[in-house]
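Just below is one structure, and these are the notes that go with it.
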Amino acid sequence: MIVKKKENYQVPKKIREWIIDIPDGELYEVYISSDQKVWCTTGRFVHSSGSANATWAGFLSGELNELVLKTMGQEVLSEIISYLKQQNT
């Protein structure tokens, strides 16, 4: 099967990111991408790796907030919400 590339497709870029790297432990990352999504990734080890995403509007309405709060803390959650609100104005 031959798959044709979409001619005008551009890979989304990270425009803001937050990382918590626990030595000999987990790696947590939240980043905002240019395609208006918020991505949450967890895990340095295969058995615990995972990711989730939401649109900017979805995140602002509460999607993934509990996950970010649990893994990254209130300060990061507040920064993400503030950043997204600034982008929507």
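Some points to look at:
- Using C-alpha pairs under 8 Å with a sequence gap of at least 6, the mean separation divided by the residue count of the range 14-88 gives a relative contact order of 20 percent.
- Sulfur and carbon atoms: percent of accessible area, the chain [1.4 Å]: 52
- The mean of 1/r over all pairs of different alpha-carbon atoms in the range 14-88, once inverted, gives a Kirkwood hydrodynamic radius of 12.4 Å.
- Amide H contacts of residue 35 (H built 1.01 Å from N, under 5 Å, at least 5 apart or other chain): 13
- Formal net charge of residues neighbouring residue 19 (Cβ-Cβ distance under 14 Å; K, R +1; D, E -1): -3
The values are calculated or read from the model by the stated rules, or taken from the named source; none is laboratory data. Small disclaimer: the values here were computed from a predicted structure and weren't measured. Backbone-built Cβ (ideal geometry, glycine too); neighbour counts: all protein chains shown. With ligands, DNA and RNA removed, areas are computed over all heavy atoms of the protein, side chains included. Shrake-Rupley method; radii C 1.70, N 1.55, O 1.52, S 1.80 Å.
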